[in-house]
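For reference, the structure discussed in these notes is given below.
Derivation of every value follows stated rules applied to the coordinates shown; laboratory data play no part. Remember, it's a predicted structure, so these values are computed and weren't measured experimentally. Methodologically, a virtual Cβ is constructed for each residue, glycine included, from the backbone with ideal geometry; neighbour enumeration extends over all protein chains shown.
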Amino acid sequence: MSNITIKKEEYFQLLADNILIKDIYVKNNLKNYDLLKKLSRLLAMTNKILSAREIHKILNYNKVKVSHITTIEYLDYIIESNLVKKVFRFDLKTKNLSTWKAKYLFSVSDIRKTILNWNIDKHILNENIVYETLIKLWYTKIYTWKNWTFNFSFILKDNIIHISWFSDKNEVRKEINKLKKIGWNFNKYLIVDSVKDIWIRPSTYLPIKVLEIEDFIKEIK
């Protein structure tokens, strides 16, 4: 019997369709598959910290007319399927956990790419890859953190991990300085697209570790 081969894109498309149709739409006897797809796409295309009300407003702004209650119901079904997970904001200073807003990360980065037809912002993808790596390593308490001046990607245990959006050396240095100003004794990581392209010497900024995503994944494992 000959082996059946399938392209990576086709495999994850089948997987995404199976989750959306069987695990969410059919299982929960939903009535609006178009809303489910558009809501999933909205979550896939942004890395902003959002409340359910803000998500509802974005849907309505984009002419997806749906009630706030229905938006919450569909969000809950997506979360229950484990397609997407909420990452809540944790305040290091007050030790308070805010659950009314969350960043939405996909359990599988390639499914997120599939939902966006493989046209995803590289920095959003990098953030999701880092998150996916962390949950595979059995980190369960993963939060995002925003102080008064800056939104850091992840905080977990004794680690602060930030994914840079910049390729400009001066902007990257600003991010490094923001990490330096955090007084707690945490391991601090800054993930950049290319160390070579931003013309910095990572050893200069130790103990802050400036790494490309592949090197970060090797180190954290």
Charge sum, other residues only, whose C-beta stays under 12 Å from VAL66's C-beta, Lys/Arg counted +1 and Asp/Glu -1: +3
Taking loop as defined by DSSP and a crowding limit of 14 other beta carbons within 10 Å, which trypsin sites (Lys or Arg not before Pro) in region 137-218 fit? LYS141, LYS157, LYS181, LYS196
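Which of rounded, prolate, oblate describes region 1-154, given a ≥ b ≥ c as roots of the alpha-carbon gyration tensor eigenvalues and a/c under 1.5 marking rounded, otherwise prolate only if a/b is larger than b/c?
Working: a/c = 1.93, a/b = 1.26, b/c = 1.53.
Oblate, because a/c is 1.5 or more while a/b does not exceed b/c.
Which value in deg cm²/dmol, rounded to the nearest 500, describes the helix-derived mean residue ellipticity at 222 nm for the chain, given -39,500 (n - 2.57) per DSSP H run of n ≥ 4 and division by the residue count?
Per the formula, -12000 deg cm²/dmol.
Once you order the gyration tensor axes a ≥ b ≥ c over the Cα atoms, which shape class does region 99-189 get: rounded for a/c under 1.5, otherwise prolate or oblate by comparing a/b with b/c?
Values: a/c = 2.00, a/b = 1.32, b/c = 1.51.
It comes out oblate by the Cα gyration axes.
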